[in-house]
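Everything below concerns the one structure shown next.
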């Protein structure tokens, strides 16, 4: 018995040793994925959020830059949790040479003096759509756009036709839109929703954005005041809340139960379970990837608005902007600037934009860009980009906290736990406290200088 | 009556085991699938037939490893490097300190031991920010340093475990050695260490698991993707959710879980002994 | 017996003593200092007195995260203790392949949390997840697990219960140490098996229960990875826990000063709760030979 035990323990030990040796051999002897960098080049690390085809599009620009000169070599890296990692790396004085952020990160980094001036590019504010100007310029230009998007309403033209709506004249006001939604919605005899005409919470990326369609604004950037409980905001979210009210919370929950966490956030729209949806221009790219030849006959239109704020020449829509910055303490500022300058050449920006399926960040896109764009409705997105009624997330350093509070309030609205007026009274209080605190912290720092 | 009882025990054991092992089997099943497909009764991720599973699994693992997002070999190398440095540090330092608490008869030893146990109660968030600043001042952010240097200064749980073990070694052995002219080092070297080899193994194993599974440390102290450990790599892969199909995500998870599972199967007895020791009073 | 001097003790304990100063005392001290400053991480800290502490009084989120953490901890400790004692009793019954059954129960706890979270995230997916597909087999339409607070809690609780292995193993060791004579004596007095469990087994393993509960409190106060990966704190703030809030304040909102205050609050809460449990434990726990 004892002997047997000893023997098994010896074979186990041998197996353990063999296993360890195999793992170590695999890990330490083989090569890892690393681009071969030509000798004599100075490597610039570039952190970006994109993966997949979006990363590939930027990689072609990077490749072009690397081929255009023989001094620098940009090394593109996809990084998760990018803004937080960048914060840590900048604090540790070991930042990447080039950093791709979301526009919402800019206020914090700018206020902390973490960004280098890009004024040497010689751009002026007028080179960019007005909604982008506060994002790219503080006291100096410290960010450049990589890609920008505007968000619009997508619909299936064939379905419109089938239900007697003119696909060339999509709804422009909320009452018209409600009519379309009700007509396109299908419910079974138990009331369960089988197809939703529209769902404000799907895909859930722009739940914050309904206010301006009703003339509401949740933040006043000039006075630095929260306006979450303003009348327009409340009306907007009363409309959002009307969905669980019209179809029943439980029915909606069952419908959405099948939506949450799907591998593709677009599938409900692509599969026809959702008749219309709020989406970005890139959706056309994903449609090609996921639907292949059975591409739907889609179109985009500016999101319908309340009749009181209708403005035919200036469509409403939210925009978002991916930006490129150079952090302080980079090792080779001139190399970083060389790449920024290369990327900002219109043809490179447009190559990137069309690779992502997005509109051009420039005020005047080239004719060939529009003609060859993968999204057939790109002109709609382009017109929202330059519209006076384009809007972005509140541009303040407290936005991470702000959106957390807003999200908590909106989730109460979604499940009919509170009316928008009740929920937003609480959010308003929280957000105003955040803004006041941030202002005090800014003042404290300024008094130290 | 007795038979019914025995049967009931086996039924319950089978049930419990099934529940415990189900998620692992589930992971393998999905990792051996081809992703989402339509089937009778709605969407499914399950593979069509059992026969195609191994082939799919191999293919999926290969896809994940060569995908470019998950540089498996590099992350494994990083993880092993940190583990080797941290585990050897923990074993050496904890054995020393445990010896101090178990055998050196200084008056202050008992209160210090209590203090050490109390440090286990300091929540990580309390020291997270200061540790970050300290390591930054030392220029160690973005290196593996913060992940293994502290291990060389003893780890409260490992010291505790090893001390429990040393306490169980009869003192008569020390006395005999002392008569033979051994000092503390002699006793440690010739009596404690040889008898405590299983305890050293347990402490090493537990710490290896800790390093392998640690997510928060690398999350805060590492910033460059070249230095990611497997736990961070998996999170990077997961954060592409929305574009990453479930079967590939489960394949990546399999890559991370596989080695610990094998390690556990080979060393289960040490593990279970180590954990039971920690709960018995000493 | 000869006693040793401090100089004999010092070299042996030196690694830990140095480690204690460097990696516990110093960071805790620094943390206390940061608690009195305004610190964004990117800029040097500025003293602001007790401002950060004053903020505790009117922080609308603090109450939510504290309550979530406390209540989830209570729930998982109570359910976890009952379950792990039951499993330990089951596994202590003489049976064939005992090593196998024990290993099976222990296995889940050796897996990386991040991997476990990935598996459970899929398992509880509304449409594709195993949970709802299994419920479908018995004709029940499963809920949208991460769509409502109560169901999200259930999912998190089930996931945490899956990792009771170590506690089970510790209870097993405790059960093994219960003297057989006590059981036999009780049997002779005509006490049934349930009565023996209540009057003999439980008192005998009560120190082990106390140990597990203390470990449970320390762990529950720091729940982080599991909800971060599974729910991200949602829906609303229903699964937003204390450690997540500290992390957000520090690294998302850039307020290291307030994050330090929150960390100290967490530390104080753990100290008070474990102190309380140990104090109560001394009155109820049965120590052999005491």
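Exactly one condition in (1) modelled with pLDDT under 95; (2) closer than 24 Å to residue A:172 by Cβ is false for residue A:291; which is it?
Condition (2) is where residue A:291 drops out.
Confirm whether residue C:147 is within 14 Å of chain A (Cβ to nearest Cβ), in contact (Cβ under 8 Å) with a residue 40 or more places away in the chain and touching a helix residue (DSSP H, G or I) at 6+ places or on another chain (Cβ under 8 Å).
Here the answer is yes, as residue C:147 does meet what is asked.
(1) buried (at least 22 other Cβ atoms within 10 Å of the Cβ); (2) within 14 Å of chain C (Cβ to nearest Cβ); (3) out of contact with any helix residue (DSSP H, G or I) (no Cβ under 8 Å at 6 or more places or on another chain): which one isn't true of residue A:409, the others all being true?
Among (1) buried (at least 22 other Cβ atoms within 10 Å of the Cβ); (2) within 14 Å of chain C (Cβ to nearest Cβ); (3) out of contact with any helix residue (DSSP H, G or I) (no Cβ under 8 Å at 6 or more places or on another chain), the lone unmet condition for residue A:409 is (3).
Taking residue A:160, is it part of a helix (DSSP H, G or I), under 23 Å from residue A:287 (Cα atoms) and touching a helix residue (DSSP H, G or I) at 6+ places or on another chain (Cβ under 9 Å)?
Values: part of a helix (DSSP H, G or I): yes; under 23 Å from residue A:287 (Cα atoms): yes; touching a helix residue (DSSP H, G or I) at 6+ places or on another chain (Cβ under 9 Å): yes.
Yes: the conditions hold for residue A:160.
Among the listed residues C:247, C:240, which satisfies the condition of being modelled with pLDDT of 85 or more, under 30 Å from residue C:48 (Cβ atoms), surrounded by 20 or more Cβ atoms within 10 Å (Cβ to Cβ) and out of contact with any helix residue (DSSP H, G or I) (no Cβ under 6 Å at 6 or more places or on another chain)?
Result of the check over C:247, C:240: C:247.
Inside segment A:28-140, counting only strands (runs of 3 or more DSSP E) that do not spill past its ends, which hold 3 or more residues that are touching a helix residue (DSSP H, G or I) at 6+ places or on another chain (Cβ under 7 Å) and touching a residue at least 40 places away in the same chain (Cβ under 8 Å)?
Working: elements: A:42-48, A:72-78, A:98-102.
The strands (runs of 3 or more DSSP E) meeting that bar are A:42-48, A:98-102.
Does at least one position in segment A:23-43 carry a residue that is crowded, with 18+ Cβ neighbours inside 10 Å, closer than 24 Å to residue A:142 by Cβ and in contact with a strand residue (DSSP E or B) (Cβ under 8 Å, 6 or more places away or on another chain)?
Among the residues of segment A:23-43, not one is crowded, with 18+ Cβ neighbours inside 10 Å, closer than 24 Å to residue A:142 by Cβ and in contact with a strand residue (DSSP E or B) (Cβ under 8 Å, 6 or more places away or on another chain), which makes the answer no.
Restricting to segment C:227-237, name every residue that is within 12 Å of residue C:153 (Cβ to Cβ) and at pLDDT 85 or above.
Answer for segment C:227-237, where residues must be within 12 Å of residue C:153 (Cβ to Cβ) and at pLDDT 85 or above: just C:227.
Go through segment C:118-144 and give me each residue that's modelled with pLDDT under 85, more than 10 Å from chain A (Cβ to nearest Cβ) and touching a helix residue (DSSP H, G or I) at 6+ places or on another chain (Cβ under 8 Å).
C:118, C:130, C:131
Quick one: is residue C:200 at pLDDT 85 or above, under 25 Å from residue C:222 (Cβ atoms) and under 29 Å from the mean Cα position of the chain (by Cα)?
Values: at pLDDT 85 or above: yes; under 25 Å from residue C:222 (Cβ atoms): no; under 29 Å from the mean Cα position of the chain (by Cα): yes.
The answer is no for residue C:200.
From the list C:99, C:95, exactly one residue is touching a helix residue (DSSP H, G or I) at 6+ places or on another chain (Cβ under 7 Å), surrounded by fewer than 22 Cβ atoms within 10 Å (Cβ to Cβ) and without any contact (Cβ under 8 Å) to a residue 40 or more places away in the chain. Which is it? Let's see the steps before the verdict.
Numbers: C:99 fails: touching a helix residue (DSSP H, G or I) at 6+ places or on another chain (Cβ under 7 Å).
Matching residue, one of C:99, C:95: C:95.
Considering each residue of segment B:150-165, count those that are part of a helix (DSSP H, G or I) and more than 7 Å from chain C (Cβ to nearest Cβ), and give that number. So that I can check it myself, show each step before the final result.
Initially, segment B:150-165 is screened for residues part of a helix (DSSP H, G or I), giving B:150-153, B:156-165.
Then drop every residue that is not more than 7 Å from chain C (Cβ to nearest Cβ), which leaves B:151, B:156-158, B:160-165.
Here the count works out to 10.
Can you tell me which residue among A:252, A:259 is modelled with pLDDT under 90, assigned by TED's automatic domain parsing to the domain that holds residue A:206, part of a helix (DSSP H, G or I) and buried (at least 19 other Cβ atoms within 10 Å of the Cβ)?
Values: A:259 fails: part of a helix (DSSP H, G or I).
Testing whether each residue is modelled with pLDDT under 90, assigned by TED's automatic domain parsing to the domain that holds residue A:206, part of a helix (DSSP H, G or I) and buried (at least 19 other Cβ atoms within 10 Å of the Cβ) leaves just A:252.
Where the second residue is at pLDDT 85 or above and part of a helix (DSSP H, G or I) and the first is on the phi > 0 side of the Ramachandran plot and lies in segment B:224-237, which pairs have Cβ atoms under 6 Å and are six or more apart or on separate chains?
Hits for this filter: zero, empty list.
Is it true that some residue in segment B:33-55 is modelled with pLDDT of 85 or more and either buried (at least 17 other Cβ atoms within 10 Å of the Cβ) or assigned to a helix (DSSP H, G or I) (or both)? Spell out how you get there, then give the answer.
Step one: list which residues in segment B:33-55 are modelled with pLDDT of 85 or more, which gives none.
Scanning segment B:33-55, I find no residue that is modelled with pLDDT of 85 or more and either buried (at least 17 other Cβ atoms within 10 Å of the Cβ) or assigned to a helix (DSSP H, G or I) (or both), so the answer is no.
For the structure I just gave you, tell me whether residue A:176 is assigned to a helix (DSSP H, G or I), surrounded by fewer than 16 Cβ atoms within 10 Å (Cβ to Cβ) and in contact (Cβ under 8 Å) with a residue 12 or more places away in the chain. Steps first, answer last, please.
Values: assigned to a helix (DSSP H, G or I): yes; surrounded by fewer than 16 Cβ atoms within 10 Å (Cβ to Cβ): yes; in contact (Cβ under 8 Å) with a residue 12 or more places away in the chain: yes.
Judged against the criteria, residue A:176 is a match.
Within segment A:142-150, is there a residue that is within 14 Å of chain B (Cβ to nearest Cβ), part of a loop (DSSP other than H, G, I, E, B) and either in contact with a strand residue (DSSP E or B) (Cβ under 8 Å, 6 or more places away or on another chain) or modelled with pLDDT of 95 or more (or both)?
Here is the first cut: in segment A:142-150, the ones within 14 Å of chain B (Cβ to nearest Cβ) are none.
There is no residue in segment A:142-150 that is within 14 Å of chain B (Cβ to nearest Cβ), part of a loop (DSSP other than H, G, I, E, B) and either in contact with a strand residue (DSSP E or B) (Cβ under 8 Å, 6 or more places away or on another chain) or modelled with pLDDT of 95 or more (or both).
Residue by residue, here is whether (1) out of contact with any helix residue (DSSP H, G or I) (no Cβ under 8 Å at 6 or more places or on another chain); (2) closer than 30 Å to residue B:125 by Cα; (3) not assigned by TED's automatic domain parsing to the domain that holds residue B:270 holds:
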{"site": "B:168", "(1), (2), (3)": "yes, no, no"}
{"site": "B:175", "(1), (2), (3)": "yes, no, no"}
{"site": "B:193", "(1), (2), (3)": "no, no, no"}
{"site": "B:200", "(1), (2), (3)": "no, yes, no"}
{"site": "B:203", "(1), (2), (3)": "no, yes, no"}
{"site": "B:219", "(1), (2), (3)": "no, yes, no"}
{"site": "B:236", "(1), (2), (3)": "no, yes, no"}
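Which ranges mark the helices (runs of 4 or more DSSP H) fully within segment C:174-260 that have 2 or more residues being more than 14 Å from chain A (Cβ to nearest Cβ) and closer than 26 Å to residue C:78 by Cβ? Let's see the steps before the verdict.
Values: elements: C:180-188, C:193-196, C:202-220, C:225-230, C:242-247.
Once the helices (runs of 4 or more DSSP H) in segment C:174-260 are filtered for at least 2 residues that are more than 14 Å from chain A (Cβ to nearest Cβ) and closer than 26 Å to residue C:78 by Cβ, what remains is C:193-196, C:202-220, C:225-230, C:242-247.
Conditions first: (1) in contact with a helix residue (DSSP H, G or I) (Cβ under 8 Å, 6 or more places away or on another chain); (2) under 23 Å from residue A:400 (Cα atoms); (3) at pLDDT below 95. Residue A:210 passes all but one, so which condition is the exception?
(3)
From (1) within 14 Å of chain C (Cβ to nearest Cβ); (2) surrounded by fewer than 17 Cβ atoms within 10 Å (Cβ to Cβ); (3) farther than 24 Å from residue A:232 by Cβ, pick out the condition that doesn't hold for residue A:397.
(2)
Condition check ((1) out of contact with any strand residue (DSSP E or B) (no Cβ under 8 Å at 6 or more places or on another chain); (2) more than 9 Å from chain B (Cβ to nearest Cβ)) across all residues:
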residue	(1), (2)
C:11	yes, no
C:14	yes, no
C:17	yes, no
C:26	yes, no
C:30	yes, no
C:33	yes, no
C:36	no, yes
C:44	yes, yes
C:47	no, yes
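Looking only at residues in segment C:155-173 that are closer than 15 Å to residue C:130 by Cβ and away from chain A (no Cβ under 14 Å), which one is surrounded by the fewest Cβ atoms within 10 Å (Cβ to Cβ)? Lay out the reasoning, then the answer.
Taking segment C:155-173 and keeping what is closer than 15 Å to residue C:130 by Cβ, we get C:155, C:158-159, C:162.
Keeping just the survivors that are away from chain A (no Cβ under 14 Å) gives C:158-159, C:162.
Numbers: C:158: 16, C:159: 23, C:162: 18.
Top of the filtered list is C:158.
Quick one: is residue B:147 surrounded by 20 or more Cβ atoms within 10 Å (Cβ to Cβ), modelled with pLDDT under 90, more than 10 Å from chain C (Cβ to nearest Cβ) and under 20 Å from the mean Cα position of the chain (by Cα)? Explain how you work it out, then say what you get.
Details: surrounded by 20 or more Cβ atoms within 10 Å (Cβ to Cβ): yes; modelled with pLDDT under 90: no; more than 10 Å from chain C (Cβ to nearest Cβ): yes; under 20 Å from the mean Cα position of the chain (by Cα): yes.
Considered against the rule, which asks whether it is surrounded by 20 or more Cβ atoms within 10 Å (Cβ to Cβ), modelled with pLDDT under 90, more than 10 Å from chain C (Cβ to nearest Cβ) and under 20 Å from the mean Cα position of the chain (by Cα), residue B:147 comes out as no.
Of all residues being surrounded by fewer than 20 Cβ atoms within 10 Å (Cβ to Cβ) and modelled with pLDDT of 85 or more in segment B:121-138, which is nearest to the other protein chains (Cβ to nearest Cβ)? Just the residue, please.
B:134
The values are calculated or read from the model by the stated rules, or taken from the named source; none is laboratory data. Values in this document were obtained by computation on a predicted structure and should not be read as measured data. Here Cβ is always computed from backbone atoms with ideal geometry, including for glycine, and neighbour counts include all displayed protein chains.
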